[in-house]
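Here is the structure we will look at.
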Amino acid sequence: MLVQVSAVALNNTDLWTRAGAYGRPEDPKALSGWRGPLDFPRIQGADVAGRVVAVGADVDEGLVGLRVVVDPAIYDAEEPNANPVGLMGSERDGGYAEYVTAPAKRVHDVTESLLTDDQLAALPTAYGTALGMIERGRLQEKETVLVSGASGGVGIALVQIARARGARVVAISSGSKIDAVREAGAHEVVDRAGDVAEQVRAAAPEGIDVALDVVAGELVGEGLPLLREGGRWVIAGALGGYAVTFDVRRLYLHNAQVIGSAMHTPKHFDLLMDMARRSEIQPIIAATFPLDQAAQAQEELARRGHVGKIVMHPQPSH
């Protein structure tokens, strides 16, 4: 399908891909894209909302005109629980453009959604990653969840989806953003400038059932003792550093699990699109830029002074 881009959202993966910061299994410091070397030139941008303007030979022409969201993942198989092994904007060209192509099965009709195009564009990577973490962590209603990096795109998504699932949400954020994180749905917000473990113990004296972590670094070692018996620590980012040290006794003596989570499966994305059609989540848009200011938009993202998502709008050609 050919999709005319209405809005494209920015993600940390844009910064990491541009910098080649992902490393490789055999060399963590190697310059690398999300899943290996990048081919250049490469158009960035994983998160696209837009309208279908043309379809391929074997695709229903009645889909032309639909408002859609593109699933940016490239999967290792054609089945509901497939793993993402590539990403639009990294392993193939993405949405920093007026138009983008996508396989028909990765284009989801959201015409009926009450969300704006900007809000829809905010969903694929941040909310897809968040929902993947929540599903892999097997979060249940009434469980207590800890969310790190709670003011970022994935963090806000985690807070909103966990709250919608009926969990009790304890979030970690910085002082200036605490009110915004609370407004997004967190029951308790602890300040990462203080003693995080002590604050979390006070906020959740019975312990944490599931930690949803995009920070990693020292937080993993400090946080594992906060888990209840059979607790799950789910990691989908390394904003605080990728080298982690923890006491393994806190893991095996308490039947805890550390779970890696890279984005979402096709099944997870279907669930996310259902939530979008029912407007069960309300992405927060922090700022918008025209596409020709992509550099400034990425600089704004890198400063991390915002809450929510930064979105760009292509300028239609005349």
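The values are calculated or read from the model by the stated rules, or taken from the named source; none is laboratory data. The structure displayed is predicted, hence computed values, not measured ones. Counting neighbours? That spans all protein chains shown, and the Cβs are built from the backbone with ideal geometry, glycine included. These area figures cover heavy atoms from the full protein model, side chains too; ligands, DNA and RNA do not enter into them. Shrake-Rupley method; radii C 1.70, N 1.55, O 1.52, S 1.80 Å.
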Antiparallel %, DSSP beta bridges [both residues in region 1-113], to 5: 90 percent
For region 143-286, the Rg and Dmax computed from alpha carbons only, in angstrom: 14.7, 44
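Find the Rg to Rh ratio for region 131-203, where Rh is the Kirkwood radius over alpha-carbon pairs and Rg uses the same atoms. Please list the in-between numbers first.
On the way: Rg = 11.2 Å, Rh = 11.9 Å.
Checking Rg against Rh, the ratio lands at 0.94.
Which of the three applies to region 278-318, rounded, prolate or oblate, going by the alpha-carbon gyration tensor with a ≥ b ≥ c and a/c under 1.5 meaning rounded?
oblate
Diagonalise the Cα gyration tensor of the chain and give the resulting equivalent ellipsoid semi-axes, square root of 5 times each eigenvalue, largest first, whole Å.
Values: eigenvalues 213, 83, 73 Å².
Sorted largest first and rounded, they come to 33, 20, 19 Å.
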Sorted largest first, extent of region 1-86 alpha carbons per principal axis (Å): 48, 28, 21
Where only alpha carbons of region 64-134 are counted, the Rg and the Dmax (Å): 12.5, 34
Beta bridge orientation in the chain: antiparallel %, DSSP, nearest 5: 45 percent
Anisotropy class of region 192-243 from Cα gyration tensor, a/c 1.5 cut: oblate
Centre separation in Å (Cα based) which lies between region 293-309 and region 81-130: 19 Å
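The chain: longest stretch without exposed trypsin sites (Lys or Arg not before Pro) (DSSP loop, at most 12 other Cβ within 10 Å), sites themselves excluded?
Numbers: sites that count: 29, 142, 278.
Excluding the exposed sites themselves, the longest stretch runs over 143-277.
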Accessible area of residue 176 in the full protein assembly, 1.4 Å probe (Å², nearest 10): 110 Å²
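List the GluC sites (Glu not before Pro) in region 123-195 that DSSP assigns to loop (not H, G, I, E or B) and whose Cβ has at most 10 other Cβ atoms within 10 Å. Which are they?
Working: sites: 135, 141, 143, 183, 188; in loops: 141, 143.
Those that pass, being in a loop and sparsely packed, are 141.
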Angle in degrees between helix 266-277 and the longest Cα principal axis of the chain, rounded to the nearest 10: 80 degrees
Heavy atoms of residue 274 accessible to a 1.4 Å probe, total area in Å² rounded to 10: 60 Å²
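With charges set only on the Cβ (+1 for Lys and Arg, -1 for Asp and Glu), what does the dipole of region 62-156 come to about its Cα centre, in debye to the nearest 20? Could the numbers behind the result be given before it?
On the way: 7 positive and 14 negative charges, 38 e Å.
With Lys and Arg at +1 and Asp and Glu at -1, about 180 debye.
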